[in-house]
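S.K.: Please find one structure pasted underneath; my questions will follow.
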Amino acid sequence: MERTTAFASEMTWPDYDAAVRDGRTPILIPIGSMEQHGHHMPLHVDVLLPTEFARRVAEQTGALVAPPFTYGYKSHQKSGGGNHLPGTTSLDGATLVAALRDVIREFARHGVRRICLVNGHYENSWFIIEGIDLALRELRWDGITDMKIVVLSYWDFVDKATIGRLYPNGFPGWELEHGGVLETSLMLALHPGLVHLDRALDVAPARFPPYDVYPVRPEWTPCSGTLSSPKEASAEKGEILLEVCTTGIVAALRAEFG
Ligand code: ZN
Ligand code: MN
């Protein structure tokens, strides 16, 4: 069958069924959030980026991309500015876990036996693992023991040498990369019409005490909503990141899924 799309949602059910029922075709599930990303970027950065990584990886591996999870777990002040900010629209942890468990179980019912969660929102991390764990437990109860699930966050594929090229003046750390050079560069490479770099606030990297307080102290989050400055972002850096992370994810899936 001639393949015309990497997106499962754009296929007819007979084509989809033919592609997945023998269990060999991996399904990639992008998972993000609706979250403010500073004055210069849209609310869906954490969805757009993993969806595009998944699409590129699918083109190279023959995997299919599932519809993304467009809401995620609550924004944490030290990694996403905080859940109190306008636009940020989040799920309770239990809701996200249950939704992910349900979707994995449904793909298993179709015959899928290889799944990769492609995460674009740091705060989802532990809830993804819980959703996977509950799904695998239910599948075991149904006698399905050959499901394999990979979970990854695309930024973990950025190696030290690339960090040195992208951050010649020092790397703030992934926690403070919310709306900073990484995400802004990727968005400039992929969706330049959605980025308004002229509106970006050039703030110093956020500084937090080594503890949290609830309700959050809004004054701890920089007025920009970002946790570091995007001013050094560029489409060229975005292209480097696309290449490095896509190559790394493809290698990981070849290693795990054969
Ligand atoms: Zn983000
Ligand atoms: Mn996020």
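S.K.: Over the chain, give the accessible area per residue in Å² for a 1.4 Å probe, as an integer.
M.R.: 47 Å²
S.K.: Using a 1.4 angstrom probe on heavy atoms only, work out the carbon and sulfur share of the accessible area of region 8-257 in %.
M.R.: For region 8-257, the apolar C and S fraction of the accessible surface comes to 54 percent.
S.K.: Taking every DSSP beta bridge that has both residues in the chain, what percent is antiparallel when rounded to the nearest 5?
M.R.: Of all bridge pairs located within the chain, approximately 5 percent are antiparallel.
S.K.: Name the residue from VAL103, HIS39, LEU188 whose Cα lies farthest towards the positive end of the charge dipole of the chain, charges +1 on Cβ of Lys and Arg and -1 on Cβ of Asp and Glu.
M.R.: VAL103
S.K.: While we're on this one: Name the residue farthest towards the positive end of the dipole of region 135-258 from the options PRO218, GLY143, THR247, assuming +1 on Cβ of Lys and Arg, -1 on Cβ of Asp and Glu, about the Cα centre.
M.R.: Toward the positive end, the furthest listed residue is PRO218.
S.K.: Among the trypsin sites (Lys or Arg not before Pro) within region 170-258, which fall in a DSSP loop and have no more than 16 other Cβ atoms within 10 Å of their own Cβ?
M.R.: ARG207, LYS231
S.K.: Relative to the compact-globule scaling 2.2 N^0.38 Å, provide the ratio for the alpha-carbon radius of gyration of the chain.
M.R.: Scaled against compact globular proteins, the figure is 1.03.
S.K.: Could you give the length gained by full extension between HIS84 and ASP212, i.e. 0.36 nm per residue of separation minus their alpha carbon distance, to one decimal place?
M.R.: Residue separation times 0.36 nm, minus the Cα-Cα distance, leaves 44.7 nm.
S.K.: Enter the angle in degrees (range 0 to 90, nearest 10) between the Cα long axis of helix 125-141 and the first principal axis of the Cα atoms of the chain, meaning the one along which they spread out most.
M.R.: 10 degrees
S.K.: Further, regarding this structure: Please state the charge dipole magnitude for the chain, taken about the Cα centre, from unit charges on C-beta atoms (+1 on K and R, -1 on D and E), reported in debye and rounded to the nearest 20.
M.R.: Dipole of the chain, to the nearest 20 debye: 320 debye.
The values are calculated or read from the model by the stated rules, or taken from the named source; none is laboratory data. If you're wondering where the values come from, they're calculated on a predicted model, not measured in any experiment. When we count neighbours, we look across all protein chains shown, and the Cβ atoms used for this are built from the backbone with ideal geometry, even at glycine. The accessibility values were calculated without ligands, DNA or RNA, using every heavy atom of the protein model including side chains. Shrake-Rupley method; radii C 1.70, N 1.55, O 1.52, S 1.80 Å.
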